[in-house]
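Some notes on the structure that comes next.
The values are calculated or read from the model by the stated rules, or taken from the named source; none is laboratory data. Here the structure is a predicted model, which is why all the values come from computation and not from measurement. Ideal geometry is used to build each Cβ from the backbone, glycine not excepted, and the neighbour counts take in all protein chains shown. The area values use the complete protein model at the heavy-atom level, side chains included, leaving out ligands, DNA and RNA. Shrake-Rupley method; radii C 1.70, N 1.55, O 1.52, S 1.80 Å.
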Amino acid sequence: MGGGTEAFPDLGKHCQLSDCKQLDFLPFKCDGCHKVFCVEHRSYKSHDCSNSDHNSRKVLVCETCSMSIEIPRNSRGGEDEIALMFAKHQRSGDCDPKKKKKPTCGVRRCKEILTFSNTSTCKSCQVKFCLKHRFQSDHACRSENMPAVAAAARVGGGVRSFLVALASRNGQDCVKKTNASGSASKPSTSVKAY
């Protein structure tokens, strides 16, 4: 079925949906079924495309090792084929039950499972911890460059990270330091009043 007008016969195409047949000057070619459609019927759902999942990937998850196994695109996905894929995976040597164990926090009795969003790596000892134990004072950090105050607080236990940070300031105050004469230095003003 051609398209266009009498003056321009090669311009546009008719929608190939049986109920539509509208002439569209900017037609869309479906990459699933390779037919031409108008703007209203260009989506897979609107023209009930028989090959709408041609770009999708399907995977199976092994219950033993939690590894994903990709199903080939030409596969029908029947029970026999799935059983063969699992058997092939188990024979391959990649199926190891030890891989199923998810990583946990590096603190001895913490059972927090580490995920992308709750993992912090200590910059001193390079061990991964949950957010609760991310500070050096909250885990048994084995680094040599750990401050002495934080190490003493860790041994004492029960001291919060705020108190450790406060103690590590070595008596420095937040207020401006005074000069040798004892009077506070006056801030310089750069605004002139007219």
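What accessible area per residue comes out for segment 14-98, rounded to a whole number of Å², with a 1.4 Å probe?
Heavy-atom SASA per residue in segment 14-98 reads 75 Å².
Taking the Cβ of His133 as the centre, find all other residues whose Cβ is under 11 Å away and add up their charges (Lys, Arg: +1; Asp, Glu: -1). Intermediate values should be presented prior to the final figure.
On the way: positive: Arg108, Arg109, Lys128, Lys132, Arg134; negative: Glu112, Asp138.
Net local charge, His133 excluded: +3.
What is the gain in length, in nm to one decimal, between Lys102 and Phe116 on full extension, counting 0.36 nm per residue of separation less the C-alpha to C-alpha distance?
3.8 nm
Quick check on segment 18-139: take the gyration tensor over C-alpha atoms, sort the square-rooted eigenvalues as a ≥ b ≥ c, and tell me if it's rounded (a/c under 1.5), prolate or oblate.
oblate
Net charge near Thr119, counting Lys/Arg +1 and Asp/Glu -1 over other residues with Cβ under 11 Å of its Cβ? Walk me through the intermediate numbers first.
Numbers: positive: Lys128, Arg134; negative: Glu112.
Net local charge, Thr119 excluded: +1.
Once you put a point 7 Å from the Cα of Gln90 and another 7 Å from the Cα of Leu26, both along the Cβ direction, what distance in nm separates them?
5.6 nm
Beyond a 22 Å Cα-Cα separation, which of these cross-linked pairs lie in this structure: Lys58/Lys128; Lys102/Lys128; Lys29/Lys58?
The answer is Lys58/Lys128; Lys29/Lys58.
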